Amino acid sequence: MWNGDELKLGEYLAFIGFDGDRSPSLDTLRRLQRGHVLNIKWENLDAVLHKHVALDIPAVQAKLLREPRGGYCYEHVALFAAVLERLGFDFFGIQGRVQMGATTIRPATHGMLVVRLDGQQWLCDVGFGTSPLAPIRIVDEDTINDGSWTYQLLRGEVTPRADGWTLSEAAGDGTQPGWMSRYTFVLEPQYPIDYRAASYFVASSPHSPFSTRVFVQKIAPDHAYILDHRELHDIRPGVGRDTQRLSPEEVLVTLREIFGIELGVDDSRLLLQRLTEQ
């Protein structure tokens with residue numbers, strides 16, 4: 001179903017630095033997620049520049065592993081699902097409604113995977129950009145720490161009369177702790193065709209922020225960088241964030257020097273145009 005037969009598994013494992021046991025265990029899953037999140041870039045530039053994002057495995061693998069580029073959630077989840085399928089994991093896809101301070105109900109446009117292991121279910125979100133470095137067990141938890149970053153997963157009403165889950169991240173400046181809801185989700189299985197339909201909206205609709213506004217993210221154990229169009233945020237867990245306003249030309253430099261993303265001449269020119277339009 002997830003086109004694992006089209007994946008060059010050895011290339012993927014080498015890219016994320018995975019060289020251990022490949023059995024479908026929790027330890028393997030944890031090492032895969034950490035390696036994926038820390039090593040594969042996250043960005044939405046194809047949506048902003050071309051209003052199209054390819055999700056077939058050969059195209060995704062070439063872009064995310066061989067080019068100086070990255071991808072957004074549906075590209076990441078397509079690749080990670082192919083890996084899990086090849087390694088024999090039992091899993092299914094889900095979609096979440098990203099909130100991040102929103103006061104209205106948003107469409108379900110964030111792809112994730114749920115892995116079943118030993119009677120428990122684990123949320124694997126490798127495509128949020130600043131994604132958790134480890135799978136999260138799907139149970140009511142006050143706090144969850146992946147070794148660097150802190151989250152909260154709670155069950156409850158996520159939309160009117162709909163029970164589900166809310167994943168929140170620790171927010172605040174390090175001295176005034178609080179929680180910000182990242183997204184809500186229900187455990188309704190999704191399939192590759194569902195991801196393609198949602199990705200089409202995210203990449204091409206004028207109602208999608210991802211089709212008009214540049215987002216690039218990079219996470220490490222001790223900090224995260226988020227480029228929100230022309231604002232660069234440097235975030236440190238338990239400390240806070242520094243924000244810098246960039247010129248369009250500085251955005252291109254930042255993509256290369258901080259995120260390791262290199263655009264061709266035509267795309268660079270088009271991106272400068274997009275950045276000056278807002």
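Worth pointing out:
- Among the chymotrypsin sites (Phe, Trp or Tyr not before Pro) in region 86-120, none sits in a DSSP loop with a Cβ that has at most 14 other Cβ atoms within 10 Å.
- Cβ-derived FRET efficiency at R0 30 Å, TRP179 paired with GLN120, nearest 0.05: 0.80
- Taken about its Cα centre, region 1-159 carries a charge dipole of about 300 debye when Lys and Arg each add +1 at the Cβ and Asp and Glu each add -1 at the Cβ.
- Inter-label distance, GLU157 to LEU246: 4.2 nm, where each label sits 7 Å from its Cα along the C-beta direction.
- Each label was represented as a point 7 Å from its Cα along the Cα-to-Cβ direction; for ALA220 and ASN145 these points are 2.1 nm apart.
- Calculated [θ] (222 nm, deg cm²/dmol) that DSSP helices of n ≥ 4 give over the chain, each run adding -39,500 (n - 2.57): -9000 deg cm²/dmol
- Placing pseudo-labels 7 Å out from each Cα toward the beta carbon at ARG30 and HIS52 gives an inter-label distance of 4.3 nm.
- Solvent exposure, largest accessible area first (probe 1.4 Å, DNA, RNA and ligands not counted), of TYR200, TYR225, TYR195: TYR200, TYR225, TYR195
- Segment ASP228-TYR191, extension gain: residue separation times 0.36 nm, minus the distance between their alpha carbons: 10.4 nm
- Dipole of the chain [Lys/Arg +1, Asp/Glu -1 at C-beta], most positive-end residue of GLN33, GLY101, CYS124: GLY101
- Placing +1 on each Lys and Arg Cβ and -1 on each Asp and Glu Cβ, with no other charges, gives the chain a dipole about its Cα centre of roughly 300 debye.
- Whole-percent carbon and sulfur share, accessible surface of the chain, 1.4 Å: 49 percent
- Span-like helix ranges in the chain, DSSP H, alpha carbon extent 20 angstrom or more, Kyte mean at least -1.0: 73-87
- Amide H to amide H, with H built 1.01 Å from N, ILE94 comes under 5 Å of MET112, LEU113, VAL114, GLN190, counting only residues 5 or more places away or on other chains.
- Taking a ≥ b ≥ c as the square roots of the eigenvalues of the Cα gyration tensor, an a/c ratio below 1.5 marks the chain as rounded.
The values are calculated or read from the model by the stated rules, or taken from the named source; none is laboratory data. None of the values given here were measured: they were computed from a predicted structure. Methodologically, a virtual Cβ is constructed for each residue, glycine included, from the backbone with ideal geometry; neighbour enumeration extends over all protein chains shown. What goes into the accessible areas is simple: the full protein's heavy atoms, side chains included, and nothing from ligands, DNA or RNA. Shrake-Rupley method; radii C 1.70, N 1.55, O 1.52, S 1.80 Å.
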